[in-house]
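Working notes, structure below.
The values are calculated or read from the model by the stated rules, or taken from the named source; none is laboratory data. Nothing here was measured: the structure is a model prediction, and the numbers come from that model. Here the Cβ positions follow ideal geometry from the backbone for every residue, glycine too, while neighbour counts run over all protein chains shown.
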Amino acid sequence: MEALTAPEIFVFLLGDSFSQEVHSHLMNMLAGKSNIKQATNAQEALRLFGQNNCPKGVLVADPGIIKAKNDVSQKLADYVRNGGTLVLGGCFSSHIRPSDLGSYMRGKWDLPWEVGSYHRTTMFLNREVVNRPASGLLSSYSHKAVFLKNVDPNMAWYVATDRSEIESLVPMPGPGIDHSQTSIAFAKFGNGWIGYVGDVNGEQGTTAVVLEMLGLD
């Protein structure tokens, strides 16, 4: 019997901010479920698309994409528009400048997403949007994240509820959750999808999110 070929996942690390230590759980799980092809600069990213313009998914794991050649973002946009999946995760949220994120999402993806709050809280699976009990997604979990505002509720995978409270924040924890913001979003773009994962500490619950978005779980 012929062995199944592992799906191919591109991982773009086009800057110098990715932490293998923080996101080791994610990378180990990805390696176990896919054939990872990694690019550390724009030339390598374009070369990967030249070799295979239809991977299972692309993980942009740091904000280096912002300063990369426009050709890379255009390739990504074409790929997603034609049915691919892009996830902005890893160290993307923790190292991108707030103004850069807003302009990137508007200019490249026609999305009004902007940086919102930054704190730790327990977020709950939005079952009105993601109702897949057989998936590996946790029903709730605590994570520290760069939240997004201006996200359509139908794109929010995890939401705050009355049980959520700020668990860590400079200068001190306490109430004050903005229920309109989300730490994890997934939006349709053309025939494909673009995801945002705001967790900055590489929680295991977030690994499940990325695998699910990439169709690996």
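Taken over the range 12-59, the criterion of being in contact with a strand residue (DSSP E or B) (Cβ under 8 Å, 6 or more places away or on another chain), in contact (Cβ under 8 Å) with a residue 40 or more places away in the chain, hydrophobic (A, V, I, L, M, F, W, C) and over 16 Å from F92 (Cα atoms) is satisfied by L30 alone. Looking at the range 77-154, none of the strands (runs of 3 or more DSSP E) lying wholly inside it contains 2 or more residues that are more than 24 Å from A208 (Cβ to Cβ) and touching a His at 6+ places or on another chain (Cβ under 6 Å).
Do we have any residue at all in the range 111-130 that's within 23 Å of L30 (Cα to Cα) and modelled with pLDDT under 90? Yes: one or more hits.
Residue pairs whose Cβ atoms lie under 6 Å apart, sitting 6 or more positions apart in sequence or on different chains, and linking a residue in the range 137-160 that is touching a residue at least 60 places away in the same chain (Cβ under 8 Å) to a partner that is in a strand (DSSP E or B), are L137/L125; S142/T122; H143/D199.
Annotation note: Cβ proximity below 6 Å between a residue of the range 189-215 that is touching a residue at least 40 places away in the same chain (Cβ under 8 Å) and of a type in the set (D, E, K, R) and a residue that is surrounded by 23 or more Cβ atoms within 10 Å (Cβ to Cβ) and in a helix (DSSP H, G or I) (sequence gap 6+ or interchain) occurs for D199/T206. I need the full set of residues from the range 133-161 which are among the β-branched types (V, I, T) and either in contact with a Ser or Thr (Cβ under 8 Å, 6 or more places away or on another chain) or under 15 Å from I194 (Cα atoms) (or both), in order please. Residues satisfying the conditions are V146, V151, V159. Going by the structure shown, is D16 outside any loop (DSSP other than H, G, I, E, B) and of a type in the set (D, E)? No, not satisfied.
Considering I184, I177, the condition of being under 15 Å from the mean Cα position of the chain (by Cα) and of a type in the set (V, I, T) is satisfied by I184 alone. Taken together, L26, L30, L59, L46 contain a single residue that is under 22 Å from S99 (Cα atoms), surrounded by 14 or more Cβ atoms within 10 Å (Cβ to Cβ) and not hydroxyl-bearing (S, T, Y), which is L59.
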